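Q: Please see the structure below; I have some questions.
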């Protein structure tokens, strides 16, 4: 029965049988041992194996089905930190049709088989198990499995392939071991970069001191920063053969710089993208899925506080509940003067979607006019393009794929149509700001790809590393109105999400801290730096941030500064993170 439960959990996060057969042999008993510990938890109150397995079977079946849908629609399995966002997850899943597909059916079938076996065991059992024997078994198995998992995971760390993909961890180690590993990381969710200590950080601080730059402009422009929900170009990953253009504004807007930004997650992870965008800190050092849920932002350095130090008024807006990812507390903690959620917005329906970008932008412009006479920083997280993508009747689709993606074809059509409307709404926002006498910069970037992306056929010839980058590369654009003046002409480029704000500040002529200068240097030399540790240089070479890698020493100062920044306290070198001339 334990073997069936372990298999259920593995299959629930997309692991295939052929992958299980290739797994290193010692992970099989370790995963089964962890699942057996669940059954032993139920053995404590019941004192009978049959009853314990009945309850364990039910628990595992429910967990497997929930994990399957979490994986299907977010690209990530359930972890300990994900459980802290259970309210947000349930709210989001309510927008999807949950298909009764093969993995869900397999979980129920396995539950039925295990239940029959457990009932047979119940019929054969005659008496309860003594308490001492139960505790002896629990402690013995916990010690053996815990020690075995620790040794196995440590041995697996010597294989650099597993450092840059959770998919590889799941395939090579198994979901129960992966869950335990992620839970232990969450206990110490801020990971210390290799070789970091007070002396090493002091050396980096001394070397980077004074590398910030002063303002180049007398006028501080307004800055509008938009994190666009699931804004992604499917043609980057596969040839969709669309029958109508869907990114015209993004591709052709004048006085704009555009390209792709490497985002932390695939198919999900809005809060991780939000954290990287607003703080400049890479998720590489954080073992959590939702930083706003597990980290205190009260003393965090961020673009919000940075701009407020420069005299800006800061507003944050999101047309969803303030409880989602704890934004109701985290936005003010980051320093925003005003926040707007849910009912403050105007609904504008597109079929069954009532949170359109066009309506969000109109509301933003209304609040923009209320934000005072000084320079304004307006941050908006949109919602329109969120899944599922079976909400509207097919008659409403204005873009259609020319390829057969099976059951996902209709989803792709609705998604492309939504992206087209989102793109058009961005054009309307630009048109409204073009005539404003106030100089303004708009930066818009997608937060992640759609959840169904891994189920599409990827372009042929791409390596696993290239697909990791492509799957995380969302369109960004930085546009300036006439009052701001012309932006420098640049070819489309790829950069990392953490680099967007310092790029905007540099274009705005605002002073740059040593931390932001470091990010701009990395942007030009190592533009793709994934939160997993994988990177790609400007020349196209891939590597992994770890001791012995050719770029380890070049990347280390940034991660040392980030760690010093996140951990805060009296040991923080605040002059590295504040505008030049300000201590905080």
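Q: Give, in nm to one decimal, the length gained when the segment between residue 537 and residue 296 is fully stretched (0.36 nm per residue of separation minus the Cα-Cα distance).
A: Additional length available on full extension: 83.5 nm.
Q: For residue 207 and residue 47 in the same chain, what is the full-extension length gain: residue separation times 0.36 nm, less their Cα-Cα distance, in nm?
A: Stretched out fully, the residue 207 to residue 47 stretch lengthens by 51.3 nm.
Q: Students often check this: by mean Cβ neighbours within 10 Å, which of 273-286, 526-539, 559-572, 499-512 ranks highest, and how do the rest follow?
A: 273-286, 499-512, 526-539, 559-572
Q: Moving on to the next point. Distance from the Cα centre of region 246-299 to that of region 469-506, in angstrom?
A: That distance is 13 Å.
Q: What residues of region 431-456 lie in the reach of a label at residue 254, counting those whose backbone N is under 16 Å from a point 7 Å from the Cα along Cα→Cβ?
A: It comes to 431-436, nothing else.
Q: Sticking with this structure for a sec: Counting other C-beta atoms within 10 Å, which of 552, 231 has the fewest, and how do the rest follow?
A: 552, 231
Q: Using a ≥ b ≥ c from the Cα gyration tensor of region 206-576 (square roots of the eigenvalues), is it rounded, prolate or oblate, where a/c under 1.5 gives rounded and otherwise the larger of a/b and b/c decides, a/b for prolate?
A: Since a/c reaches 1.5 but b/c is at least a/b, the shape of region 206-576 is classed as oblate.
Q: Right, something else. For region 9-75, what value does the Rg/Rh ratio take when both radii are computed over Cα atoms and Rh is the Kirkwood radius, given to two decimals?
A: 1.05
Q: So, one more: Would you mind pulling out the separation of the Cα centroids of region 173-232 and region 357-384, in Å?
A: Taking the Cα centre of each part, region 173-232 and region 357-384 sit 27 Å apart.
Q: Oh, and also: Out of all DSSP beta bridges with both ends in the chain, state the antiparallel percent to the nearest 5.
A: Antiparallel bridges: around 45 percent, rounded to the nearest 5.
Q: What distance in nm separates the two pseudo spin-label positions at residue 492 and residue 457, each 7 Å out from Cα along the beta-carbon direction?
A: The answer from the label model is 2.3 nm.
Q: Now for a different question. Give the dimensionless ratio obtained when the Cα radius of gyration of region 464-584 is divided by 2.2 N^0.38 Å.
A: Compared with the compact-globule rule of thumb, region 464-584 sits at 1.17.
Q: Return the whole-Å distance between the Cα centroid of region 310-356 and the Cα centroid of region 509-530.
A: 28 Å
Q: Here's another thing I want to ask about it. Calculate for the chain the 222 nm mean residue ellipticity that helices alone would give, adding -39,500 (n - 2.57) per DSSP H run of length 4 or more and normalising by residue count, nearest 500 deg cm²/dmol.
A: The per-residue figure over the chain is -14500 deg cm²/dmol.
Q: Please give the helix 198-208 orientation as an angle from the longest Cα principal axis of the chain, in degrees from 0 to 90, rounded to the nearest 10.
A: 30 degrees
Q: Along Cα→Cβ, 7 Å out, is where each label goes; now give me the distance between the ones at residue 434 and residue 26 in nm to one decimal.
A: Taking the two extended label points, one gets 6.5 nm.
Q: If you don't mind, another one. Could you list 414, 407 in order of exposure, starting from the residue whose Cβ has the fewest other Cβ atoms within 10 Å?
A: Lowest count first: 407, 414.
Q: Now a separate question. Helix 409-434: angle to the longest alpha-carbon principal axis of the chain, degrees 0 to 90, nearest 10?
A: 30 degrees
Q: Any idea what angle helix 552-567 forms with the longest principal axis of the chain, computed on alpha-carbon atoms, 0 to 90 degrees, nearest 10?
A: Taking the Cα atoms of the chain, the angle to 552-567 is about 90 degrees.
Q: Provide the gained length on full extension for the span residue 188 to residue 144, in nm with one decimal, where the gain is 0.36 nm per separating residue minus the Cα-Cα distance.
A: 13.5 nm
Laboratory data are not the source of any read-out in this text; all were calculated from the coordinates shown. These numbers were taken from a predicted model, which means no experiment stands behind them. Every residue, glycine as well, gets a Cβ built from its backbone with ideal geometry; the counts of neighbours run over all protein chains shown.
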